[in-house]
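I have placed the structure first, in the form of structure tokens, so that the comments after it can refer back to it.
The values are calculated or read from the model by the stated rules, or taken from the named source; none is laboratory data. What you see is a predicted model, and the numbers here were worked out from it, not measured in a lab. Because the Cβ atoms are built from the backbone with ideal geometry, glycine has one as well, and the counts that use them run over all protein chains shown. Protein only, heavy atoms only, side chains kept; ligands, DNA and RNA dropped before computing areas. Shrake-Rupley method; radii C 1.70, N 1.55, O 1.52, S 1.80 Å.
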Amino acid sequence: MVHRFSKKDVNILVDSASGAVHLADKAAYDLCGVLSPPLPKDCPESARKKLSEHYSDEEILEAYQELYSLYKAGELFTSDYDGAETKMSLSGAPVKALCLNVSHDCNLRCEYCFAKTGDFGTGRRIMDFDTAKKAVDFVIKHSGKRRNIEIDFFGGEPLMAFDTVKRTVDYAKGLEEKHNKNFRFTITTNGLLLNDEITEYINREMSNVVLSLDGRKEINDHVRKTIVGTGCYDAIVPKMKRLVRLRDNKKDYYVRGTFTKNNPDFCEDIKEMLDCGFTNLSLEPVVLKKENPLSITKEDLSRVFEEYDRLCDLILEREKEGQNFEFFHFMIDLEQGPCILKRLRGCGAGFEYVAVTPEGDIYPCHQFVGMDEFILGNLNDGTFDVSLSDRFAAINFYTRKDCLNCWAKYYCGGGCSAANQSMNNDLLQPYELGCELERKRVECAIYLKARRMLDLQTDSN
Amino acid sequence: MKHLKTLSGATLKASAEKGGCGECQTSCQSACKTSCTVANQKCENKK
């Protein structure tokens, strides 16, 4: 399947199944749009006729030969990969990543919180070390030969359970050698409890830290509020700046925010983050049902798309000034990215990746917490429902029928099971609004690569 | 080529040969907790 799109005079052909991306002039771009596989050696007469008003025969035939050579090389109009099922273990997949909800309590009351302001509707509670220890034992036991094990300390606000965090890290590290595992710890925090000791600890132990900030003070404070209803911007930003300033630049960090209907002009929030000195940024659309006044709805899409385009311009502008920054959802590795098997199955929720609550309940991921019908097991009674886990392991974009005809499936991995479940009450039914946003982001990411290549060529000429 | 420039070649099908080791990062453990993306993860198997 070939996806064609044009942006700022750059015409792009994405050959979905092979991963090849080509830049075309107008003639080749238009011609590609009237072709369908299998391509014959000579340009079909019907295609030539359709374009004959706009291009000379010579141009059409020349462009066709170039398209045909890509087709023959397996870089255009390739068919979907069909070896998936023989390559993937569809049952008993190893668990290798934990979202450890060490705190089902929070010191903020954000209005869009999917965790229902911290406790996921399951009661405010901090995870004790005994439960965290069982979670580490669980992942070691279920990870098979996987060496890299990830533990993300999450919540609620995980720094409300800092003691559990520290003891869990010590415990897991103590088991690395014996079990031939490499633990990678990450933490997602709102920053309110950061102090010198915690900052130093995070910068030492966490391979990635995600700091939650929505951008401009008025935007952030409108939705990210303390328990007494005041905005948190002034309390958190100096602490985040300090953490980032002191962090080893070989280790990852992200300042991550959410945009809502309140800030379709979210480039201004990106600029605010940049003004704070942050350069690894992520800003995601809120996922809420359309009844919620903060939700992004179909009517907002064209405005959000425009803003993603503005963000591309901002990225390129800043790069020219030597002020590069990363935007997580525009990062894409066209040459050395994840293998096709990873792309087929996406995020791994429910089989490679699970979330654990303070009660020891195991869920397919952090966003499923509180949905009782999806409890996979419990660490205290030792249960783990392999058949439910296998149900998740068998999900891929072949089983999500609506994904089959989407060009972007190799980039998103078939989308988010939790969003599908909460929006459509069906794990396999894609959350279409999320898909539209993802397709736009992938287009932007590819465009940025193309623009940089063209600019480089212009500079060298 | 006069009409076309290749930005990146066909890499995906070949990646199946050595792929599936499962050592790479889980996407929601990086900087997205709500919008699934896999294409920006790094491959950990460069054999």
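What part of the accessible area of the protein assembly as shown, given as a whole %, is carbon or sulfur when the probe is 1.4 angstrom? Intermediate results must be reported in sequence, preceding the final value.
Values: 9950 of 20640 Å².
Answer for the protein assembly as shown is 48 percent, counting heavy atoms of protein chains only.
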For this session: Could you tell me which of A:198, A:273, A:235 has its Cα farthest along the dipole of the range A:175-327 towards the positive end, charges placed at Cβ (Lys, Arg +1; Asp, Glu -1), taken about the Cα centre?
Result: A:198
Exercise. With labels modelled as points extended 7 Å from the Cα through the Cβ direction, what inter-label distance (nm, one decimal) is found for residue A:306 paired with residue B:18?
Worked result: 4.6 nm
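State the Kirkwood hydrodynamic radius of the range A:306-380 in Å, one decimal place, computed from all pairs of distinct Cα atoms.
Numbers: mean 1/r = 0.0631 Å⁻¹.
Averaging 1/r across every pair of different Cα atoms and inverting gives 15.8 Å.
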Exercise. Applying the Karplus parametrisation 6.51 cos²θ - 1.76 cosθ + 1.60 with θ = phi - 60° to the phi angles of the range A:185-194, what ³J(HN,Hα) value in whole Hz is obtained for each residue in order, glycine and proline being reported as x?
Worked result: 9, 9, 9, 10, 10, 7, x, 4, 9, 4
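When only Cα pairs under 8 Å and 6 or more residues apart are kept, what is the percent relative contact order across the range A:346-461? Before the final figure, lay out the partial values.
Values: 134 pairs, mean separation 20.6, N = 116.
18 percent.
So between residue A:251 and residue A:49, what do we pick up on full extension, going 0.36 nm a residue minus the alpha carbon distance?
Working: separation 202, 0.36 × 202 = 72.72 nm, distance 5.66 nm.
Net length gain for the segment: 67.1 nm.
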Exercise. Measuring from the lowest to the highest alpha carbon on each principal axis, how far does the range A:198-301 reach, largest first, in angstroms?
Worked result: 43, 30, 23
Problem set entry | Geometric extent, Cα atoms of the range A:41-166 - Rg, Dmax (angstrom) | 28.0, 75
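Using only protein heavy atoms and a 1.4 Å probe, how much accessible area in total is buried between A and B, to the nearest 100 Å²? Present the calculation step by step, with values, prior to reporting the outcome.
Working: alone 21190 and 4830 Å², together 20640 Å².
Using a 1.4 Å probe, the pair buries roughly 5400 Å².
Determine the per residue accessible area of chain A with all protein chains present and a 1.4 angstrom probe, expressed in square angstrom.
On the way: 18740 Å² over 461 residues.
Here the residues of chain A average 41 Å² of exposed surface.
According to the square roots a ≥ b ≥ c of the eigenvalues of the Cα gyration tensor, what is the shape class of the range A:243-329, taking rounded for a/c under 1.5, prolate for a/b larger than b/c otherwise, and oblate for the remainder? Intermediate results must be reported in sequence, preceding the final value.
Values: a/c = 2.86, a/b = 1.64, b/c = 1.74.
It comes out oblate by the Cα gyration axes.
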For this session: Could you state the angle between the C-alpha long axis of helix A:432-460 and the longest principal axis of the C-alpha atoms of chain A, as a value from 0 to 90 degrees rounded to the nearest 10?
Result: 60 degrees
For this session: Extending each Cα 7 Å along its Cβ direction at residue A:298 and residue A:124, get the distance between those two points in nm, one decimal.
Result: 4.0 nm
For this session: Tabulate in residue order the Karplus-calculated ³J(HN,Hα) for the range A:197-212, using 6.51 cos²θ - 1.76 cosθ + 1.60 with θ = phi - 60°, rounded to whole Hz; enter x for Gly and Pro.
Result: 5, 5, 4, 4, 5, 4, 5, 7, 9, 9, 6, 8, 10, 10, 9, 8
Seminar exercise, completed: Residues whose modelled amide H sits under 5 Å from the amide H of residue A:110, counting only those 5 or more places away in sequence or on another chain, are A:225
Problem set entry | Relative contact order for chain A, counting Cα pairs under 8 Å that sit 6 or more residues apart, in percent | 15 percent
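Taking only C-alpha pairs under 8 Å that are 6+ residues apart, what is the relative contact order of the range A:245-339 in percent? Let's see the in-between values first.
Working: 83 pairs, mean separation 27.7, N = 95.
The normalised contact order for the range A:245-339 reaches 29 percent.
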For this session: Can you tell me the 0 to 90 degree angle between the C-alpha axis of helix A:233-246 and the longest principal axis of chain A, rounded to 10?
Result: 80 degrees
Problem set entry | Cβ-derived FRET efficiency at R0 30 Å, residue A:4 paired with residue A:424, nearest 0.05 | 0.55
Exercise. Which loop GluC sites (Glu not before Pro) in the range A:278-334, with loop taken from DSSP, have no more than 16 other Cβ atoms within 10 angstrom of their Cβ?
Worked result: A:291, A:321
Exercise. Counting Lys and Arg as +1 and Asp and Glu as -1, each charge on the Cβ, what is the dipole of the protein assembly as shown about the Cα centre in debye, to the nearest 20?
Worked result: 960 debye
For this session: Just name one of A:113, A:258, B:29: the one whose Cα is farthest towards the positive end of the charge dipole of the protein assembly as shown (beta-carbon charges, Lys/Arg +1, Asp/Glu -1).
Result: B:29
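Answer rounded, prolate or oblate for the range A:1-113, using the Cα gyration tensor with square roots of eigenvalues a ≥ b ≥ c: rounded when a/c is under 1.5, else prolate when a/b is larger than b/c, else oblate.
Working: a/c = 4.59, a/b = 2.03, b/c = 2.27.
In terms of gyration-tensor shape, oblate.
Please give the calculated 222 nm ellipticity per residue for chain A, where each DSSP H segment of at least 4 residues contributes -39500 (n - 2.57) and the sum is spread over every residue; nearest 500 deg cm²/dmol? Please list the in-between numbers first.
On the way: 17 runs with 186 residues, N = 461.
Theoretical 222 nm ellipticity from helices: -12000 deg cm²/dmol.
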Exercise. Got a sec to turn the phi values of the range A:277-287 into Karplus ³J(HN,Hα) couplings, 6.51 cos²θ - 1.76 cosθ + 1.60 with θ = phi - 60°, whole Hz, x for Gly and Pro?
Worked result: x, 8, 10, 10, 10, 9, 9, 10, x, 4, 10
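Hey, with R₀ at 60 Å, roughly what FRET efficiency would residue A:175 and residue A:456 work out to, going by the Cβ-Cβ distance, to 0.05? All intermediate terms of the calculation are to be shown ahead of the outcome.
Details: r = 47 Å, r/R0 = 0.79.
According to the calculation, E is roughly 0.80.
Note down the Stokes-Einstein diffusion coefficient of chain A in µm²/s, whole number, using a Kirkwood radius over alpha carbon pairs, 4 °C, and 1.567 mPa s. Before the final figure, lay out each step's value.
On the way: Rh = 24.0 Å.
Stokes-Einstein gives a translational diffusion coefficient of 54 µm²/s.
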